[in-house]
Amino acid sequence: MKNVVLNICVAVITVFIIVSGCAKTSSPTSSPTPVLPTATSTPDGKNWSKQDKLPGFSARYNHNIAAYKGKLWLAGGKSKDGKLLNDIWSSVTGAEWVSVSASAEFGARALHEVLYYDGKLWVIGGIGTQNRYLNDVWYSETGVTWTVATADAEFGKRSGHKCFTFRGEMWLIGGNTANRYYNDVWSSKDGLGWEKAKDNDDKGFDKRSGFSGCVFNNRIWIVAGDAAGKLKNDVWSTEDGTDWESATDNAAFKPRKGHEIIVHKQRMWLIGGTGKEDYNDVWWSVDGAMWVSATASADFEPRTGSKTVSFNNRIWMTGGKIKDEIKNEIWWSE
């Protein structure tokens, strides 16, 4: 009996040694490090096509554009003769445009924000005639008739800010007046009352204007811009509007302002802008820290003040300023 037990014990020990030896020579079972998609796997952004037919709207820059009810809506901006605009145009394709209003109630302006929220289009702030900075808020359900929610919002007069729809509210970030830059953050559920989420202070990202941003992966992102005369290429994000985290202080793209940031096919895209020169490069990122060049020189000319949007599975770029020439051309990429 003792011999039987001894033999069993020897057998168990032998099996254990064999299994242990195999485990040491086998491949690790830990999860592989995620691999960021390469530039060759981008949805594109490298190849751009120019719309043959010019749209009905006049040449402009520093206008704004938003998607609403299955259409694109373009509002305001600055024309080639320096005139500020308050016309409204819409498109169901991104290529052909129809005039909705030649003179909307909210008045002529540029460097304003247009966004979709709560079943309405909203126009917020900007710079108006006689270089008046604005802090009014307007909305429309049709794009034709506009109603003022407030002529004097708590966030104060400014242009060059950014607005987003995030977590069931409208959010406003940064901007500037003639002699002051901001990095404060405000939110509103109705466009009438605005609550401060972050003070205009030295915490988080620098005070700035001319930046761009987006909502991506349940966070608000802001990218680059003019920090009181110093151009930036940093990237910041937040999940609550109050506490901000730096993704990078020095992204792969050059410091700039007047660029565009959009979300398209599960990536953030940076397009154009101006710095030491005007740019027509295109970059993308999935995490805000690592940016991949889709192209250093897209088919469109270097420009600033254009407006870009993702719509119908394409990136659409409208207008912009090329040196001293103002455009109303339309470019698109898959």
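In this structure, is K50 at pLDDT 95 or above, of a type in the set (K, R) and more than 19 Å from L172 (Cβ to Cβ)?
yes
Where residues in region 234-272 are under 13 Å from the mean Cα position of the chain (by Cα) and of a type in the set (A, V, I, L, M), which of them is surrounded by the fewest Cβ atoms within 10 Å (Cβ to Cβ)?
V263
Could you list all residues from region 72-90 that are in contact with a strand residue (DSSP E or B) (Cβ under 6 Å, 6 or more places away or on another chain) and either in a loop (DSSP other than H, G, I, E, B) or on the phi > 0 side of the Ramachandran plot (or both)?
Within region 72-90, G76, G77, K80 qualify.
Sort out which residues of region 142-159 are closer than 18 Å to W73 by Cα and surrounded by 19 or more Cβ atoms within 10 Å (Cβ to Cβ), and write them in order of number.
G143, W146
Give the residue, chosen from G241, G319, that is more than 20 Å from Y68 (Cα to Cα), touching a strand residue (DSSP E or B) at 6+ places or on another chain (Cβ under 6 Å) and not charged (D, E, K, R).
G241
What are the pairs with Cβ atoms under 9 angstrom where one residue, in region 293-309, is crowded, with 21+ Cβ neighbours inside 10 Å and the other, located anywhere, is assigned to a loop (DSSP other than H, G, I, E, B) and of a type in the set (D, E)? Sequence gap at least six, or different chains.
A294/D44
Counting only residues that are over 20 Å from V114 (Cβ atoms) and out of contact with any Ser or Thr (no Cβ under 8 Å at 6 or more places or on another chain), which one in region 174-192 is surrounded by the fewest Cβ atoms within 10 Å (Cβ to Cβ)?
Here the residue is N179.
Here is a list of conditions, (1) part of a strand (DSSP E or B); (2) out of contact with any Gly (no Cβ under 6 Å at 6 or more places or on another chain); (3) of a type outside the set (G, A, S), and T93 meets all of them except one; can you say which number that is?
Failed condition: (1).
Yes or no, residue by residue, for (1) within 22 Å of H161 (Cα to Cα); (2) part of a loop (DSSP other than H, G, I, E, B); (3) of a type in the set (A, V, I, L, M, F, W, C):
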position: I262; (1), (2), (3): yes, no, yes
position: W269; (1), (2), (3): yes, no, yes
position: N280; (1), (2), (3): no, no, no
position: A289; (1), (2), (3): no, yes, yes
position: A294; (1), (2), (3): no, no, yes
position: P302; (1), (2), (3): no, yes, no
position: T308; (1), (2), (3): yes, no, no
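Please go through region 119-140 and give me each residue that is exposed (fewer than 14 other Cβ atoms within 10 Å of the Cβ) and either touching a Phe, Trp or Tyr at 6+ places or on another chain (Cβ under 9 Å) or not in a helix (DSSP H, G or I) (or both), ordered by number.
G119, R132
The values are calculated or read from the model by the stated rules, or taken from the named source; none is laboratory data. The model shown is predicted, which means the values in this text are computed figures rather than measured ones. Neighbour counts run over all protein chains shown; Cβ positions are idealised from the backbone, glycine included.
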